[in-house]
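Undergrad: Here it is: the structure, laid out below.
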Amino acid sequence: MHFRSGFEKMFSTHLKEKSVPFKYEGTSFEYIGKPKKYTPDFYLIDQDIYIETKGYFTQADRVKHLLIKDQHPKLDIRFIFMDSSLKLARSSPTTYAKWCKKYNFLYADKILPQEWLKEIKT
C-alpha cells in the first residue's frame, strides 16, 4: 500500500497493531467548492468513522472540511494530528485543537483514542 505521507504510514501501522479494520482512501465524497471531491485518509469500518491525518492543517483544508461538514452532516469525520497544539498561523492565537472544538470536530494526537474504538456501529 502506498501512502501520501510518513504520518499516514505510521497511523496505518498503529491501526494494524490494534487490529482495527480500515480502508485507506477507499471512498470519495462530492461537495460544492474546490476541489469538489474529498477522499478521507482512513475509514474505520466497524466504527463508521472517517479519519483525516494531518501534520499541517492549511486554510484550504479547514475551508474544505467546513464545506463537507455542511453538505454531508451525517459523515463522522475526525482528525488525528501530529500536534494539535500548533497554531493555525504564527500570529494566530487559535490552535488546531481550538479550531476543532469551535466547529465540533473530534480530534486526537498521533494515535487513535481507545474510546473511539468502543464506538462499534451495528
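The values are calculated or read from the model by the stated rules, or taken from the named source; none is laboratory data. These numbers were taken from a predicted model, which means no experiment stands behind them. Backbone-built Cβ (ideal geometry, glycine too); neighbour counts: all protein chains shown. To get the accessible areas, we keep the full protein, side chains included, count just its heavy atoms, and leave off ligands, DNA and RNA. Shrake-Rupley method; radii C 1.70, N 1.55, O 1.52, S 1.80 Å.
Undergrad: Could you sort D70, D41, D48, D76 by their accessible area in this structure, using a 1.4 Å probe and putting the largest first?
TA: I get D70, D48, D76, D41, largest accessible area first.
Undergrad: Where the centroid of each part is defined by its Cα atoms, how far is the stretch 1-66 from the stretch 71-85 in Å?
TA: Using only Cα atoms, the two centres lie 9 Å from each other.
Undergrad: If you don't mind, another one. Write out the chymotrypsin sites (Phe, Trp or Tyr not before Pro) in the stretch 60-104 meeting two conditions: DSSP loop, and at most 16 other Cβ atoms within 10 Å of their Cβ.
TA: The qualifying sites are Y103.
Undergrad: Along the charge dipole of the chain, Cβ charges K/R +1 and D/E -1, which of A97, F11, Q59 sits furthest on the positive end?
TA: Highest projection toward the positive end goes to Q59.
Undergrad: So, one more: In a shell of Cβ-Cβ distance under 15 Å around S5, excluding S5 itself, what net charge do Lys and Arg (+1) and Asp and Glu (-1) give?
TA: -2
Undergrad: Now for a separate question. What spacing in nm lies between the two simple spin-label points modelled at I45 and M10, each 7 Å away from Cα in the Cβ direction?
TA: A separation of 2.6 nm, rounded to one decimal place.
Undergrad: Now, a different point. Dipole size in debye (nearest 20) for the chain around its Cα centre, Lys and Arg Cβ +1, Asp and Glu Cβ -1?
TA: Roughly 420 debye for the chain.
Undergrad: Would you calculate, for the chain, the mean residue ellipticity at 222 nm contributed by helices, counting each DSSP H stretch of 4 or more residues as -39,500 (n - 2.57) and dividing by all residues, to the nearest 500?
TA: -8500 deg cm²/dmol
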